[in-house]
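The values are calculated or read from the model by the stated rules, or taken from the named source; none is laboratory data. All of these numbers come straight from a predicted model, not from anything done at the bench. When we count neighbours, we look across all protein chains shown, and the Cβ atoms used for this are built from the backbone with ideal geometry, even at glycine.
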Amino acid sequence: MREVGIVGVGHTKFGKSDLPFLDLLGAAALEALDDAGIKTGEGHCVDQLFVSSMGASIQNRISGSASALVDSLNLRPAMAECVENGPASGGSAVKLGYMAIASGMCDCVLVVGGEKMGKGKEATDFVATMLHPEAEYPYGLTLTSFAAMFTRLIMDKYGVTSEDLARIAVKNHANACHNPVAQLQKPVSLEAITTGPDMEKINPPVAEPLRRYDVCPMSDGAAAVVLCAMDIADKFKRRPVRIAGIGQATDTHCVANRAVPTDLLAVRLASQKAYKMAGLTADDMDCAELHDAFQILELVESEEAGFFPRGQGHIGIRNGETEIGGRIPINTSGGLKAKGHPLGATGISQIIEVVKQLRGEAAGRQVEGAKAGLCVNFGGFGNNVVATVLTKD
Amino acid sequence: MYGYRCKKCGKLHHPARLVCDKCEGREFTEEILDGEGTLLTYTRVHNLPAGIDKPVLDFGIVQMREGVCVSGQLDIDGEIYTGMKVRATEGVVRVMNGVEHTGFIFVKA
């Protein structure tokens, strides 16, 4: 099996965008191609394009995005396909790019992910379409509803508090202030969102016990990476970051059917597979991008990925172990909470943050000497998870 | 509202499945789920999706006395707490494109 690396990255600023969906994808794609030193047009080296999006056909009334983008970028006659796997679409698309190169079918693959989410109740409803079409979605249940019910279980079982979740939000907002592509580049204090006089106004309940700062914002945005076979990596402008391991696992579609309702089993299994493939362990990771669509997820994923014993992640947060400079910095990008969460882009965006850390290009938020990092891209409410381990070559 | 009992091993499921996750059986019998259960967790949601015309709505996950766990809406006045006994009723949970969808609405037992 051929080894695969990343030689180009591109990332639009997350947040509200007036660009049409395809232009948003194109902006990230061109930045990634330029970063890798790939010329478009006749003689280009891109064999395959993957486009990841959860809802372009629902929210933007666009299907066949990959066919449109490959032509617009002047990358014909490269192969082109769309990938839809809920909020894990980006991680899945990178996995498929990896497989295309590792199999020997391709030398160079462009992976682009993006979303234009819309806003308000309609966007909330669109995201909820990933839930079970009979046993969950029709009730008005949403991803936030399940995160809230999951949070209550974790609080009761392990003694996690609302303040612990707020600490994660404070950390991620602080990190996002140093990330020029983050949506919410503004710090927030623990007092302001927990006990301050304006707390109810700043941080109102969303789905009890969750409040606004326990939940990621709605975002538009796109992200892109160029993958290549490591044996031809010297043809590109940038030194490759190695994709050392990829793992993916699924769990019950219905959250109520989980054997242990406080576990995120697919996160554990996907991470373990990725570590095994890389020949590394959680202890070898210098940083991690975890899918904190809800702050409770960063906490429990940090345990399932092996950074803390079960039920101890909140102690690590209280001790500052997940901050930059701590034992295992998590979500140096600002995470989904503050960097933003355009669903189809998120898995790729996470990978780009670790690439920047391993290149030493994460100015203001750099983890000194980072050599390896983990990304966890979480689909559904944990029913389909992709984990990726990247290493500095 | 129904549970789906595997004809081969007897495990009760909700919602319906193609293959039993205990014994690989593929045939099921329908069984009405209208009894009591225990509330495992719950939430009061303030940011409801389009199509739900209420300011707030309560949801929960309930373990039915038959053992199967299901999600549903709650219609409970007063305190809601983990471990409380509830009873399953069936009602309209949402109207989508003019079609009424029915589901579990749990009330205090």
Inset, instruction - Scan (1) surrounded by fewer than 23 Cβ atoms within 10 Å (Cβ to Cβ); (2) hydroxyl-bearing (S, T, Y); (3) over 21 Å from A:L143 (Cα atoms) for the single condition A:S65 breaks and write down its number. - result: (1)
Inset, instruction - Answer with yes or no whether B:D75 is surrounded by 14 or more Cβ atoms within 10 Å (Cβ to Cβ) and in contact (Cβ under 8 Å) with a residue 24 or more places away in the chain. - result: yes
Inset, instruction - Kindly indicate which of A:P138, A:P197 is free of Cβ contacts under 8 Å to residues at least 24 places away in the same chain and more than 14 Å from chain B (Cβ to nearest Cβ). - result: A:P197
Inset, instruction - Can you give me the number of residues within region A:179-192 that are over 18 Å from A:L290 (Cα atoms) and either of a type in the set (F, W, Y) or within 25 Å of the chain's Cα centre (by Cα) (or both)? - result: 7
Inset, instruction - Count, please, the residues in region A:1-39 that happen to be on the phi > 0 side of the Ramachandran plot and crowded, with 16+ Cβ neighbours inside 10 Å. - result: 1
Legend entry - Residues within region A:293-332 that are crowded, with 18+ Cβ neighbours inside 10 Å, part of a helix (DSSP H, G or I) and not acidic (D, E), tallied: 10
Inset, instruction - Filter region A:96-147 for residues that are closer than 30 Å to B:P15 by Cα, in contact with a Phe, Trp or Tyr (Cβ under 8 Å, 6 or more places away or on another chain) and in a helix (DSSP H, G or I) and give the result. - result: A:A128, A:Y139, A:L143, A:T144, A:S145, A:F146, A:A147
Legend entry - Test: B:V92 is loosely packed, with under 15 Cβ neighbours inside 10 Å, touching a His at 6+ places or on another chain (Cβ under 8 Å) and either closer than 16 Å to A:E134 by Cα or not β-branched (V, I, T) (or both): yes
Legend entry - Subset of region A:353-369 (residues that are aliphatic (A, V, I, L, M), under 25 Å from A:L33 (Cβ atoms) and touching an Asp or Glu at 6+ places or on another chain (Cβ under 9 Å)): A:V354, A:V355, A:L358, A:A362
Inset, instruction - Please tell me if A:Y98 is over 19 Å from the mean Cα position of the chain (by Cα), of a type in the set (S, T, Y) and more than 8 Å from chain B (Cβ to nearest Cβ). - result: no
Inset, instruction - Within region A:159-178, work out how many residues are over 19 Å from A:A293 (Cβ atoms) and not small (G, A, S). - result: 4
Inset, instruction - Hey, can you tell me all the residues within region A:61-83 that are touching a residue at least 40 places away in the same chain (Cβ under 8 Å) and part of a loop (DSSP other than H, G, I, E, B)? - result: A:I62, A:L73
Inset, instruction - With the condition kept exactly as written, say whether any residue in region B:70-77 is within 11 Å of chain A (Cβ to nearest Cβ), of a type in the set (A, V, I, L, M, F, W, C) and more than 18 Å from A:P138 (Cβ to Cβ). - result: no
Inset, instruction - Filter region B:78-107 down to the residues that are β-branched (V, I, T) and either in contact (Cβ under 8 Å) with a residue 24 or more places away in the chain or in a loop (DSSP other than H, G, I, E, B) (or both), then identify the one that is nearest to the other protein chains (Cβ to nearest Cβ). - result: B:T82
Inset, instruction - Name the residue, out of A:S145, A:S92, that is crowded, with 19+ Cβ neighbours inside 10 Å and closer than 21 Å to A:A32 by Cα. - result: A:S92
Legend entry - Selection from region B:41-69 of residues that are facing chain A (nearest Cβ under 7 Å) and either assigned to a strand (DSSP E or B) or touching a Leu at 6+ places or on another chain (Cβ under 8 Å) (or both): B:T41, B:Y42, B:T43, B:R44, B:V45, B:L48, B:L57, B:F59, B:I61, B:C69
Legend entry - Qualifying positions in region A:99-140 - farther than 30 Å from A:K39 by Cβ and of a type in the set (S, T, N, Q): A:T124, A:T129
Inset, instruction - Could you grab the pairs with beta carbons closer than 6 Å, sequence gap of 6+ or different chains, first residue in region A:244-266 and farther than 25 Å from A:A93 by Cα, second one in a strand (DSSP E or B)? - result: A:A256/B:I61; A:A256/B:C69; A:A256/B:V70; A:A256/B:S71
Legend entry - Single condition A:C106 does not satisfy, out of (1) surrounded by fewer than 24 Cβ atoms within 10 Å (Cβ to Cβ); (2) under 23 Å from A:Q59 (Cα atoms); (3) in contact (Cβ under 8 Å) with a residue 12 or more places away in the chain: (2)
Legend entry - Flag if B:Y2 is of a type in the set (F, W, Y) and assigned by TED's automatic domain parsing to the domain that holds B:V86: no
Inset, instruction - Answer with yes or no whether B:C20 is over 29 Å from A:D156 (Cβ atoms), more than 13 Å from chain A (Cβ to nearest Cβ) and buried (at least 20 other Cβ atoms within 10 Å of the Cβ). - result: no
